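Undergrad: Submitted below is the structure of interest, expressed as structure tokens.
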Amino acid sequence: MRNAPENLPFILDVRTFKNVINLTLSTDFGDLDLLAEPAGVDSFEGLWSRADEMQIYGMKVKVACLEDILAMKRAANRPKDRQHILELQDLQQFLTGEKPNETGDTDSDK
């Protein structure tokens, strides 16, 4: 678990998943957040229905769409999220061809 004492006993099993809502992990591949109730979006079902399907290491996986990632980052509003929002808005503008207005927001941010 990320940001937990190293000596904290932790077993990742079915019981763990049944008893936690959100789980933040550090893995050999980077940080992994498992969020059953992420702030900023309507529901897991909504996230799932809007998710983009991608191939990762030969497996099809669903990844939250860019709009939902932005909504979750805005809701979290941590310093690192505010920086990520700027970067993700640039990516969104690149992908959609939108031009930012004077505030830096795109029409889709409203």
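The values are calculated or read from the model by the stated rules, or taken from the named source; none is laboratory data. Since we're looking at a predicted model, the values are computed, not measured. Neighbour counts are summed over all protein chains in view; Cβ atoms, including those assigned to glycine, are modelled from backbone coordinates with ideal geometry.
Undergrad: Can you name every residue in region 35-53 that is of a type in the set (A, V, I, L, M, F, W, C) and either modelled with pLDDT of 95 or more or surrounded by 15 or more Cβ atoms within 10 Å (Cβ to Cβ) (or both)? Don't jump to the end; show me each part of the working.
TA: The initial filter retains those residues of region 35-53 that are of a type in the set (A, V, I, L, M, F, W, C), namely 35-36, 39, 41, 44, 47-48, 51.
Listed by number, the residues that qualify are LEU35, VAL41, LEU47, ALA51.
Undergrad: Oh, and also: Would you point out which residue out of LEU70, LEU25, LEU32 is at pLDDT below 95 and surrounded by 14 or more Cβ atoms within 10 Å (Cβ to Cβ)? I'd like the intermediate steps shown before the answer.
TA: Working: LEU70 fails: at pLDDT below 95; LEU32 fails: surrounded by 14 or more Cβ atoms within 10 Å (Cβ to Cβ).
Going through LEU70, LEU25, LEU32 in turn, the sole match is LEU25.
Undergrad: Ok, one more. Cβ-Cβ distance below 7 Å, separation of 6 or more or different chains: which pairs start in region 60-78 with a residue that is free of Cβ contacts under 8 Å to residues at least 12 places away in the same chain and end on one that is not in a loop (DSSP other than H, G, I, E, B)?
TA: Short answer, once both residue conditions are applied: LYS60/GLU53; VAL61/MET54.
Undergrad: While we're here: Find the residue count for region 1-19, including only residues that are under 18 Å from MET72 (Cβ atoms) and of a type in the set (A, V, I, L, M, F, W, C). Don't jump to the end; show me each part of the working.
TA: Quick first cut of region 1-19, residues under 18 Å from MET72 (Cβ atoms) only: 2.
Imposing the further condition that a residue be of a type in the set (A, V, I, L, M, F, W, C) reduces the set to none.
So the count comes out to 0.
Undergrad: How many of the residues in region 48-82 are touching a Gly at 6+ places or on another chain (Cβ under 6 Å) and closer than 19 Å to PHE94 by Cα?
TA: 1
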